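Everything on this sheet refers to the single structure shown next.
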Amino acid sequence: MKRIMITGALGQIGSELTVKLRDLYGRDNVLATDVRTNDSEAATEGPFEILDVMDAKGMMEAATNHHADTIIHMAALLSATAEANPVFAWNLNMGGLMNALETAKELDAQFFTPSSIGAFGPTTPKDETPQDTIQRPTTMYGVNKVAGELLADYYFHRFGVDTRGLRFPGLISYVTPPGGGTTDYAVEIFYEAIKHGHYTSYIDKGTYMDMMYMPDALNAIIDLMEADPSNLRHRNSFNVTAMSFDPEEIAEAIRKEIPEFTLGYAVDPVRQQIASSWPNSIDASAAKKEWGFTTKYDLQTMTKDMLNKLALKTI
Ligand code: AKB
């Protein structure tokens with residue numbers, strides 16, 4: 001049975017991934033860590049430790065004591081927060097990643113960390129962005145993600161660490177809200193639709209970005225980590241996506257469930273500029289070919305599920 005340690009376990013992905021991994025591999029085999037704690041299932045229903053990913057010694061100790069054979073490194077600042085504090089973002093995103101890779105190297109552990117559509121930039125082909133293409137991002141987050149992909153490849157080639165990663169699009173979930181991302185509007189819109197029947201978008205109409213529903217994202221992580229390494233030509237990181245839409249299209253999907261829903265705009269120049277530098281839609285064919293990536297949810301099925309689940313939460 002795997003022995004997994006997760007960093008950033010109380011974040012948007014980590015809080016659901018921890019629960020799913022405990023269901024799959026056994027509660028006590030999954031150590032959740034984060035710089036803070038709360039009363040979520042990830043923190044309270046299984047092994048949990050406070051860990052700052054900048055603390056290399058603390059990370060090594062936690063992983064060694066847990067006898068970890070798999071490190072899942074999720075702790076990072078997202079794009080908008082990183083842009084507001086670029087020096088801190090570099091130190092946290094790169095320092096944390098380096099410590100996690102060193103831990104995986106010392107313990108001969110398998111390694112996963114997410115990259116992002118943020119690893120692309122304005123000179124990248126915008127439509128059906130290929131797996132292997134120009135990566136000259138113009139955000140600190142993007143710079144961190146490209147450097148992180150290269151670093152993870154380096155640890156594979158130089159030290160034989162079994163590093164794997166996914167370039168995630170915006171992830172949509174009803175469980176834990178994201179914080180500080182550019183794609184967060186596509187989550188907020190559902191909360192506001194339920195609460196007020198109206199949403200004011202900080203991303204402008206006509207701005208297309210890739211998105212995926214959280215259950216598909218969690219399955220993608222698990223499937224990639226379980227994939228036969230002999231089939232992997234790429235490692236860090238695979239393009240994955242389920243859909244691409246602009247604010248008008250997601251509003252239209254919501255209107256099929258809540259006909260009176262209205263959408264307005266108050267565009268935030270910082271996040272709009274980030275969004276405009278990212279692809280409209282990425283090509284996930286390498287992930288499909290090399291380890292069988294699939295998704296279950298499209299825009300309408302995700303919208304229906306999100307609204308149903310959020311409505312139940314607010315009762
Ligand atoms: C963000 O918007 O920063 C993230 C991402 C696409 O990596 N959701």
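Brief remarks on what is shown
- Under the span-like rule (Cα at least 30 Å along the axis, Kyte-Doolittle mean at least -1.0), DSSP H helices of the chain: 86-107
- A quarter of the convex hull surface defined by the alpha-carbon atoms of the chain gives 14.9 nm² as the mean projection.
- Under-5 Å amide H pairs with Phe168, H placed in peptide plane, nonlocal only: Ser115, Ser116, Ile117
- Span from the the stretch 260-293 Cα centroid across to the the stretch 235-255 one, whole angstrom: 6
- For the peptides 46-55, 8-17, 221-230, 63-72, residues were scored by their other Cβ atoms within 10 Å and the scores averaged per peptide; the highest-first order is 8-17, 63-72, 46-55, 221-230.
- Distances between placed amide hydrogens fall under 5 Å for Thr129 paired with Ser281, Ile282, Asp283, all partners being 5 or more residues away or on another chain.
- Close Lys pairs in the stretch 1-146 (alpha-carbon distance under 21 Å; sequence gap of 8 or more, or different chains): 5.
- Of all DSSP bridge pairs formed entirely within the chain, close to 10 percent run antiparallel.
- Cut-off under 5 Å, modelled amide H: who pairs with Thr70 long-range: Arg3, Met5, Gln110
- Each listed q (0.14, 0.15, 0.18 Å⁻¹) maps to a log10 I(q)/I(0) for the stretch 156-315 from the Debye sum over equal C-alpha point scatterers, namely -0.73, -0.82, -1.08.
- Estimated [θ] at 222 nm from DSSP helical runs (n ≥ 4, -39500 (n - 2.57)) normalised by residues in the chain, nearest 500: -14000 deg cm²/dmol
Values in this text are rule-based calculations from the coordinates and carry no lab data. Quick caveat: nothing in here was measured; it's all calculated off a predicted structure. In this analysis, Cβ positions are derived from the backbone assuming ideal geometry, glycine residues included, and neighbour counts consider all displayed protein chains.
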